[in-house]
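So the structure is just underneath, and the comments pick up after that.
The values are calculated or read from the model by the stated rules, or taken from the named source; none is laboratory data. Because the structure is a prediction, the values reported are computed rather than measured. Cβ placement follows ideal geometry from the backbone for every residue including glycine, while neighbour counts extend to all protein chains displayed. When the accessible area is computed, the model is the full protein with side chains, heavy atoms only, and any ligands, DNA or RNA have been set aside. Shrake-Rupley method; radii C 1.70, N 1.55, O 1.52, S 1.80 Å.
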Amino acid sequence: MGEAILIVDDEKEIADLLELYLQNDGYTVYKFYNGTDALRCVEETELDLAILDIMLPDLDGFHICRKIREQFYFPVIMLTAKGEDRDKIMGLTIGADDYITKPFNPLEVVARVKTGLRRYKRYNSHAERKPPEVNEHDIRGLLINKDAHKCWLYGKEIALTPIEFSILWYLCERQGMVVPSEELFEAVWGEKYLDQNNTVMAHIGRLREKLHESAKKPKFIVNVWGVGYTIEK
């Protein structure tokens, strides 16, 4: 069987359509029309990715995403209503990896699923590879190790999602340089950056929370207004 995908959407037609397309592509699908049953599945089933609608009859998608992130780091894709930018930012802030706006093309969803799984596997793979010359950065008490795929702040491990780790590693690799948001997005997500994209900003905000720093007086990730982000030497 293929990777296990969780689908949660109270619109039966949408959930059934996604199930059909994903099953045709070889994935194992667990489909639910409410959040309660979906959370039970999360606890009892080994999943590889989740697709969560925000509006559900009992628990909303944000609640499910938060519960998932308490224990798991597999990719989460949120389904949002057209034009609801606040929903997109909220989802990314609480740990979602991607979002898709309704109405959508099912083939786009399948493509996003493949991208999310590929990225997740790449950063969690234990395949034997020649280690890079630099596999660790220690910046003023912030230690990040690429081989272990772990990060510590003043000796205490910080739980990062694959996306968050990739952003932080990319910035650490370029310490002292200002990395434009467009470059950061295209390097981490592997997709073309579009105008008015708040994805990077939302993930930077969540990273700062985990590093216990404010946007006004950051110790690590500094925002260079109109340009991008940097970790100063």
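Using Cα atoms only, what is the angle between the long axis of helix 12-24 and the major principal axis of the chain, expressed in degrees (0 to 90) to the nearest 10?
So the inclination is approximately 70 degrees.
Only helical DSSP H runs with n ≥ 4 go in: add -39500 (n - 2.57) per run for the chain, normalise by residue count and round the 222 nm mean residue ellipticity to 500 deg cm²/dmol.
Values: 8 runs with 93 residues, N = 233.
Mean residue ellipticity at 222 nm (helix-derived): -12500 deg cm²/dmol.
Could you work out the relative contact order of the chain, using alpha carbon pairs under 8 angstrom and six or more residues apart, expressed as a whole percent? Intermediate values should be presented prior to the final figure.
Values: 349 pairs, mean separation 30.5, N = 233.
Reported relative contact order: 13 percent.
Determine the distance separating the Cα centre of the stretch 214-233 from the Cα centre of the stretch 18-43; give it in Å without decimals.
Each part's Cα centre sits 39 Å from the other's.
Assign unit charges at the C-beta atoms only (+1 for Lys and Arg, -1 for Asp and Glu), then state the dipole size of the stretch 149-192 relative to its Cα centre in Debye, rounded to the nearest 20. It would help to have the intermediate numbers written out before the result.
Values: 4 positive and 7 negative charges, 44 e Å.
Value, rounded to 20: 200 debye.
Taking K and R as +1 and D and E as -1, what net charge do the other residues with C-beta under 12 Å from the C-beta of Gly35 add up to? If you can, show how the numbers build up before the last one.
On the way: positive: Arg40, Arg66, Lys67; negative: Asp9, Asp10, Asp37, Asp53, Asp58, Asp60.
Once all neighbours under 12 Å are counted, the net charge is -3.
For the chain, find the longest principal axis of its Cα atoms and tell me its angle to the long axis of helix 35-44, 0 to 90°, nearest 10.
Roughly 70 degrees, rounded to the nearest 10.
Beyond 31 Å between alpha-carbons counts as too far, so tell me which of Lys102/Lys233; Lys121/Lys216; Lys102/Lys156; Lys67/Lys121; Lys114/Lys156; Lys67/Lys156 fall in that bin. Before the final figure, lay out each step's value.
Numbers: Lys102/Lys233 43 Å; Lys121/Lys216 35 Å; Lys102/Lys156 40 Å; Lys67/Lys121 22 Å; Lys114/Lys156 33 Å; Lys67/Lys156 22 Å.
From the list (Lys102/Lys233; Lys121/Lys216; Lys102/Lys156; Lys67/Lys121; Lys114/Lys156; Lys67/Lys156), the Cα-Cα distance tops 31 Å for Lys102/Lys233; Lys121/Lys216; Lys102/Lys156; Lys114/Lys156.
How far, in degrees from 0 to 90, does helix 106-124 lean away from the longest principal axis of the Cα atoms of the chain, to the nearest 10?
40
Please work out how much accessible surface Arg140 shows to a 1.4 Å probe, ignoring ligands, DNA and RNA, in Å² rounded to 10.
Looks like 90 Å² after rounding.
Indicate the gyration tensor shape class of the stretch 162-233 (rounded, prolate or oblate), computed on the Cα atoms with a ≥ b ≥ c the square roots of the eigenvalues: a/c under 1.5 is rounded; otherwise a/b larger than b/c is prolate and the rest oblate. Mind dumping the intermediate values first?
Details: a/c = 1.42, a/b = 1.38, b/c = 1.03.
Cα axes put the stretch 162-233 in the rounded bin.
Taking +1 at the Cβ of each Lys and Arg and -1 at the Cβ of each Asp and Glu, which of Ile54, Thr36, Phe72 sits farthest along the dipole of the stretch 18-82 towards its positive end, judged by Cα position relative to the Cα centre?
Ile54
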